[in-house]
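The structure appears right after this line, and notes come after that.
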Amino acid sequence: MQQKEILALLQSEPSPHPVSVSGWVRAFRSNRFIALNDGSTIRNIQCVVDFESFKQELLDKVSVGAAIRVEGEVVESQGQGQDVEIQVSKLEILGEANPEEVKLTILSPKRHTLEKLREQAHLRIRTNTFGAVMRLRSKLAFAVHEYFQQNGFFYMHTPIITGSDAEGAGEMFRVTALDPVNPPTDDNGKVDYKEDFFGKETNLTVSGQLEAETYAMGLGKVYTFGPTFRAENSNTSRHLAEFWMIEPEMAFYDLDDNMDLAEDFIKYIVKYALKHCEDDLVFLENRLLQEEKSKPEAERSAMNLREKLHFVVDNNFIRVSYTEAIDILKNSKPNKKKKFKYVIEEWGADLQSEHERFLVEKHFKCPVILFDYPATIKAFYMRLNEDGKTVRAMDVLFPGIGEIVGGSQREERYEVLKSKMATMDIPEEELYWYLDLRKFGTCVHSGFGLGFERMVQFVTGMGNIRDVIPYPRTPGNAEF
Ligand code: 4AD
Ligand code: MG
């Protein structure tokens, strides 16, 4: 007998050949209609049982959450909402589920909050919301690879354990095999990392960029897509301690080429979701509409989820220099009325998420690319402009999210990089290999990093980043 997935069945025609389907019960109405889901799609298949032909004992075990297998013919559906259904001839209980426990943990008629489901991250994938989000996450990951592979990029794997701090921000998780109670010490009584597993201090990577640069200098265009780790104590709806980042790096690209690529890439993956994930997007859109009903009218968004996605695909991102942005912010109402938590006083100020969101959501009402930031608030590797005070940095800012991409043209001049590293206290011994790139056929090159979870957040409309990754790691939380 043919074992079928529900996604394929729902697209098939009625047929007298019986099929076999396995899944989890989502509902069982009138001792007759089972709504069955197997994860292949958000849609359930209706399985109709003629209860007189089955023992009531067996039917009693068909409860929400139970795993079952049915056999039967695919017939035209009499009811509304589906074209076909299964007329069940055989029913097998694979795994029972206690209805009371199911109600308390995952599937209750009165929906559980996302916060509550987060505590049950091992079970929440059984809900429609998480099914939709995680299917989209998977499709978006595929779209990322498709985009780069079609555009002449090579996928490279950068190390997860490294000896360097790519961002120079000191937000790293240490990796060590030393005995924490009794570590070996040197003559000064300090922990002696020469005795450690790698013979030096190591940490989990914060970014694969520096290694990606080395490969761009040989392969031309490369990208990474892997986990990155930040030990920053940011308890927000946009930060994770472990997140996945996509980092393309391109030889012979300047900042304008870099911005063009970022815009084109983002549009491609959003378009991909619109094209390939319609059922899940429709579900998430309705979920958002429900959620918005509890908000005051003024706070509700003008566009629904798919309209927002189309808007991004159909409009050019607005490119604005940091200097222009500061002028806009300084003269803005919330700044003058001191409504911002961090009031913008002068050029040079670091932009907070409240400022980024003001620019995108209130002022431009469009995705924005800010470029040419002050050197002092950006990483050491960014190319210094002729003015001597700004660098060729760019951030892509998105509605509801803030910064979704951070990138730059890299400093390719040996002497300039060396002196920048010195002023910013970046140890040269650690990054001699990075400096080497500037000695062997150096060239203009650029790249950026896209936070994958922030992208998934945007596409799914989920408000909290903890709900777009299976097992979120945040300060105080590494459960599962
Ligand atoms: O701006 P960031 O720190 O840039 C870099 O790491 C560069 N090395 C990238 C490059 O040029 N190759 O991080 C890039 C993006 C941010 O724009 C944001 O989307 C995401 O990574 N990101 C985070 N996402 C979730 N949680 C965090 N704690 C994040 N920190 C950064
Ligand atoms: Mg950044």
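So the values come out like this:
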| item | result |
| --- | --- |
| From 309, 284, residue being in contact with a Gly (Cβ under 8 Å, 6 or more places away or on another chain), closer than 20 Å to residue 399 by Cβ and in contact (Cβ under 8 Å) with a residue 40 or more places away in the chain | 284 |
| Count of residues meeting criterion [out of contact with any helix residue (DSSP H, G or I) (no Cβ under 9 Å at 6 or more places or on another chain), open to solvent by less than 30 Å² (accessible area, probe 1.4 Å) and either within 9 Å of ligand 1 (Cβ to nearest atom) or of a type in the set (Lys, Arg) (or both)] in segment 380-415 | 1 |
| In segment 257-279, the residues that are touching a Ser or Thr at 6+ places or on another chain (Cβ under 8 Å) and charged (D, E, K, R) | 257, 279 |
| Boolean, residue 191 is over 26 Å from residue 402 (Cβ atoms), surrounded by 11 or more Cβ atoms within 10 Å (Cβ to Cβ), within 32 Å of the chain's Cα centre (by Cα) and in contact (Cβ under 8 Å) with a residue 12 or more places away in the chain | no |
| Residue within segment 414-436 that is touching a residue at least 24 places away in the same chain (Cβ under 8 Å), within 14 Å of ligand 2 (Cβ to nearest atom) and of a type outside the set (A, V, I, L, M, F, W, C) present | no |
| Filter pass, residue 38 being touching a Gly at 6+ places or on another chain (Cβ under 6 Å), open to solvent by 30 Å² or more (accessible area, probe 1.4 Å) and either in contact (Cβ under 8 Å) with a residue 12 or more places away in the chain or under 23 Å from residue 102 (Cα atoms) (or both) | yes |
| Residue match in segment 268-278 (condition: within 16 Å of ligand 2 (Cβ to nearest atom), modelled with pLDDT of 95 or more and over 18 Å from the mean Cα position of the chain (by Cα)) | no |
| Residue list for segment 344-369, filter: within 21 Å of the chain's Cα centre (by Cα) and within 16 Å of ligand 1 (Cβ to nearest atom) | 352, 353, 356, 357, 360, 367, 368, 369 |
| Exclusive hit being outside any helix (DSSP H, G or I), more than 16 Å from ligand 2 (Cβ to nearest atom) and at pLDDT 95 or above, set 265, 197 | 197 |
| Residues of segment 205-229 classified as buried (at least 21 other Cβ atoms within 10 Å of the Cβ) and either at pLDDT below 95 or not in a strand (DSSP E or B) (or both), total | 10 |
| Wholly enclosed helices (runs of 4 or more DSSP H) of segment 84-187 bearing at least 1 residues free of Cβ contacts under 8 Å to residues at least 40 places away in the same chain and in contact with a Gly (Cβ under 7 Å, 6 or more places away or on another chain) | 99-105 |
| All positions within segment 351-365 that are open to solvent by 10 Å² or more (accessible area, probe 1.4 Å) and either within 13 Å of ligand 2 (Cβ to nearest atom) or out of contact with any helix residue (DSSP H, G or I) (no Cβ under 7 Å at 6 or more places or on another chain) (or both) | 351, 352, 353, 354, 356, 357, 361, 362, 364, 365 |
| Failed item, numbered, when residue 336 is tested on (1) buried (at least 16 other Cβ atoms within 10 Å of the Cβ); (2) under 24 Å from residue 374 (Cβ atoms) | (1) |
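Per-residue answers, yes or no, for (1) basic (Lys, Arg); (2) free of Cβ contacts under 8 Å to residues at least 12 places away in the same chain; (3) buried (at least 20 other Cβ atoms within 10 Å of the Cβ); (4) touching a Gly at 6+ places or on another chain (Cβ under 9 Å):
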position	(1), (2), (3), (4)
237	no, no, no, yes
251	no, no, yes, yes
256	no, yes, no, no
262	no, no, yes, yes
272	no, no, no, no
275	yes, yes, no, no
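The values are calculated or read from the model by the stated rules, or taken from the named source; none is laboratory data. All values reported here derive from a predicted model rather than from experimental measurement. When we count neighbours, we look across all protein chains shown, and the Cβ atoms used for this are built from the backbone with ideal geometry, even at glycine. Accessible surface is based on the protein model in full, side chains and every heavy atom, while ligands, DNA and RNA are left aside. Shrake-Rupley method; radii C 1.70, N 1.55, O 1.52, S 1.80 Å.
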